[in-house]
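*Asks:* The structure follows.
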Amino acid sequence: MHHHRRRFVVAMSLIFNSGRTMSWHHGLLERKARLLSGESLVIAVGNSAGDVDSIVSAMGMAYLLNGVAMAAIRADEFALRRDAVALLEFCGCVTFDQDRDGCAKELLYIDDTFQATAVALTDHNRLDQRLFKNSPKVHAVLDHHMDEGQHLEAKIRHVDPALGSTCSLVAQRILEEVVPDELPTSLLVAMLGTIALDTRGFDPKQNKFSQRDILVSHKILDALSCEQSEQGSDVKTLRKRTIPTLAAFRGASTIVELAQALGDARRDVGHLKASQLLRMDYKQAKIPDTHNNNFGDIGVAGVLVDLPTLIERLTPEQTLASILDDLGQEKPDLAIVFAMTSVDKSKKPKKKSILYRIVDPNLLPPGFSIEKFEAALTSLGEETNSLPPHLAENPLYHAQGIIEHGFRLQFSYHPHDITLRFSYLPKVVTRKTMLPALLHVLQASTFTTTAPASSSFSDYGEEGELR
């Protein structure tokens, strides 16, 4: 009787309060207009990749804080996030501005003109000051990447690298702080989809989730279904639970099918050119510098096709190096840019690829050389105690076999473009482990010579060898 009564009460609450519940995103639009008119409001902003977790978690924090949600991308890049577009359209969370390249009207973008006084960081834990003309106060940090130890003074701060999705943290706060009859149903649907996608449907083989992801997903399903699971709260039960109709994106009936459907939407890139593929999922981070040497940034593009397909998408006048150069020139303060491709299934065993290009050698640490950089990166994990504690303690480095085997890199010049360095990668390695490793290797202490960066990096020879 208790479960039936709770189910009836919550269901009636959702019906009678549907206007309030379903209009939370209109509040985002209204507050964005107020911000653009000069009012001071908290801006919840995701990371520079502008992926679905960054976007949806920012929307969730903006809802909680009565603030504005920001995607840290240009407005014309929003439509490239096919999974975010499809999920938010399904949930009815956004309206699209066809006069502005189909971007979501409810979101703020880096090419908007505004003033920021306070920000909430989601899906990253270090403020990118270049996004803002002034120096806003960091009010909150919710993230699932490696903790960089910044903004410890934030009123709300929760960084859990073991999590599969930042949306798990934000959804947990919503479920704890909002009374049942005021829960933003469509936002919870978007968060459930995001968590399903980021955890790969809680696939135990891929191990991209934690116990918190599992419990929060169960609680979201409880809220959306208006009843609690009577089968337990473990991952096996979660994968088998039937999701309610209002969360059944493209007809998915389980969280496993939901992840697959959203993954298909993310991989819907058949119409994109090579240069667009580099911009779909791009992150940028500052090279560590303890002596104020003004080092530049590292950029890593997550490419949703394999390397042969990326090459096929080049226009006749393009090369792999030229599209990386173009990307590098449009990003501020970029020293070096990488691209990590999807798995090439023709390789045995199946492998990803990583390739890189120097953008501005003067922004690299003194003494930088390709030989030293690649040797240091290749040795991580292969030599005893070669991983620093802040990496070795991250469970992902164990799950991806990096602690035991390293990244298994063998750099060479790519036959398609002999000015470009590349290597294959194990298919399990992700940007969440590669980017922190790259930042660690690129810090100044890796390079022992005192020659300036500009003199330690010279032109390529005709055969692709360093002169």
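*Asks:* So for the stretch 2-266, taking the charge dipole from beta-carbon charges (+1 Lys/Arg, -1 Asp/Glu), which of Thr122, Gln211, Tyr63 sits furthest toward the positive end?
*Replies:* Gln211
*Asks:* Under 8 Å for C-alpha pairs, at least 6 residues apart: give me the relative contact order for the stretch 166-320, rounded to a whole percent.
*Replies:* Relative contact order for the stretch 166-320 comes out at 17 percent.
*Asks:* So what's the angle, to the nearest 10 degrees on a 0 to 90 scale, between helix 255-266 and the longest Cα principal axis of the chain?
*Replies:* For helix 255-266, the angle is close to 50 degrees.
*Asks:* When the helix-only estimate is applied to the chain (DSSP H runs of n ≥ 4, each -39,500 (n - 2.57), divided by the residue count), what is the mean residue ellipticity at 222 nm, nearest 500 deg cm²/dmol?
*Replies:* Taken over the chain, the calculation gives -11000 deg cm²/dmol.
*Asks:* Something else: Give the aspartates and glutamates reachable from Lys240 as a straight Cα distance under 15 Å; neighbours fewer than 8 places away on the same chain don't count.
*Replies:* Within the straight-line cut-off, Lys240 pairs with Asp203, Asp222, Glu230, Glu257.
*Asks:* Return the distance in nm (one decimal) between the two label points of a simple spin-label model at Ala162 and Ser386, each offset 7 Å from Cα along Cα→Cβ.
*Replies:* In this crude label model, Ala162 to Ser386 measures out at 2.8 nm.
*Asks:* For a quick protection proxy, order the peptides 30-41, 193-204, 418-429 by their average other-Cβ count within 10 Å, most packed first.
*Replies:* With the highest mean Cβ count within 10 Å placed first, the list reads 193-204, 418-429, 30-41.
*Asks:* May I ask what percent, to the nearest 5, of DSSP beta bridges between residues of the chain are antiparallel?
*Replies:* That works out to approximately 50 percent antiparallel.
*Asks:* Once you place label points 7 Å from the Cα toward the Cβ at Gln276 and Asp181, how far apart are they in nm?
*Replies:* Each label point is offset 7 Å from its Cα along the Cβ direction, giving 4.8 nm.
*Asks:* Lys and Arg at +1, Asp and Glu at -1: add these up for the other residues within a Cβ distance under 13 Å of Gln206 and post the number.
*Replies:* With Lys, Arg at +1 and Asp, Glu at -1, the neighbours total +3.
*Asks:* Now a separate question. Which entries of Lys350/Lys432; Lys286/Lys331; Lys350/Lys372; Lys236/Lys348; Lys219/Lys432; Lys137/Lys331 have Cα-Cα distances beyond 22 Å here?
*Replies:* Exceeds cut-off: Lys350/Lys372; Lys236/Lys348; Lys219/Lys432; Lys137/Lys331.
*Asks:* Over the stretch 274-456, what per residue volume does the convex hull of the Cα atoms give, in whole Å³?
*Replies:* Roughly 115 Å³ of hull volume per residue.
*Asks:* Next question, about the same structure. Can you compute the label reach from Asp101? Point 7 Å from Cα along the Cβ direction, backbone N cut-off under 18 Å, restricted to the stretch 65-85.
*Replies:* Taking a point 7 Å out along Cα→Cβ of Asp101, the residues of the stretch 65-85 whose backbone N falls under 18 Å are 70-85.
*Asks:* So, one more: How do the peptides 352-360, 134-142 rank, highest first, by the average count of neighbouring beta carbon atoms within 10 Å per residue?
*Replies:* Peptide ranking by packing, descending: 352-360, 134-142.
*Asks:* Turning to a different aspect of this structure: Quick one: Cα centre-to-centre distance for the stretch 73-89 and the stretch 121-198, in angstrom?
*Replies:* 19
*Asks:* For the chain, take the longest principal axis of its alpha carbons; what is the angle in degrees between that and the long axis of helix 431-442, to the nearest 10 within 0 to 90?
*Replies:* So the inclination is approximately 40 degrees.
*Asks:* Can you give the Rg to Rh ratio for the chain, taking only C-alpha atoms and Rh from Kirkwood?
*Replies:* Here the Rg-to-Rh quotient is 0.97.
*Asks:* Within the stretch 274-456, what percent of beta bridges assigned by DSSP are antiparallel, to the nearest 5?
*Replies:* Antiparallel: roughly 75 percent of the beta bridges in the stretch 274-456.
*Asks:* Take Thr446 and Lys240, extend 7 Å from each Cα along the Cα→Cβ direction, and tell me the distance between the two endpoints in nm.
*Replies:* 4.7
*Asks:* Also, I was wondering about something else. Among bridges DSSP assigns within the stretch 2-266, what percent are antiparallel (round to 5)?
*Replies:* Counting DSSP beta bridges with both partners in the stretch 2-266, the antiparallel share is about 10 percent.
*Asks:* Working from Cα positions, state the angle (0 to 90°, nearest 10) between the long axis of helix 24-36 and the longest principal axis of the chain.
*Replies:* 50
*Asks:* What is the percent of Cα-Cα separations in the stretch 2-266 that go past 36 Å?
*Replies:* The share of Cα pairs beyond 36 Å in the stretch 2-266 comes to 10 percent.
*Asks:* Related question: Based on the mean of other Cβ atoms within 10 Å per residue, sort peptides 151-159, 206-214 so the most packed one is first.
*Replies:* 206-214, 151-159
Every number here is computed from the coordinates shown, using simple stated rules; none is lab data. For clarity, every value in this text was computed on a predicted model and none was experimentally measured. Ideal geometry is used to build each Cβ from the backbone, glycine not excepted, and the neighbour counts take in all protein chains shown.
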